[in-house]
Amino acid sequence: CLLFDEREAGVTDRVLEAGAEIMRACVDAGGAISGEHGVGAEKRSFLPWIFTNEDMAAMQGLRAAFGADDDFNPCKIFPGGHGCGEGRIGFQQRELAKFGPDAHV
């Protein structure tokens, strides 16, 4: 956990660089990049450090098989081209559609 004041000029970039260095040290020591809640947006760019393209394709295939509507943690690990809020709205709209055309989010 790196605490910082984002109002300080340049600190966000320094924290992101430090985070990348920590992830690199973890991988180099034989560890993983995931944490308690898996891999989120801030760590997905590090996935190629430990997974091959074939590994990534297999994970995307599993996700599609069990969550074809991208309802499971939208925008996590594999970017879907929309914001997480938009992903939740899409999920809500699909759920409401089950109740008829007059249902609203």
Provide a single number: the residues in segment 3-41 that are open to solvent by less than 80 Å² (accessible area, probe 1.4 Å) and not in a helix (DSSP H, G or I). 12
Given (1) over 20 Å from residue 20 (Cβ atoms); (2) surrounded by 12 or more Cβ atoms within 10 Å (Cβ to Cβ); (3) modelled with pLDDT under 80, identify the lone condition not met by residue 44. (1)
Go through (1) at pLDDT 80 or above; (2) among the acidic types (Asp, Glu); (3) under 16 Å from the mean Cα position of the chain (by Cα) for residue 55 and report which single condition fails. (3)
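The values are calculated or read from the model by the stated rules, or taken from the named source; none is laboratory data. All values derive from a computational prediction rather than experimental measurement. A quick note on method: Cβ atoms are made from the backbone with ideal geometry, for glycine too, and the neighbour counts reach across all protein chains shown. Just the protein is used for accessible areas: all its heavy atoms, side chains included, with ligands, DNA and RNA removed. Shrake-Rupley method; radii C 1.70, N 1.55, O 1.52, S 1.80 Å.
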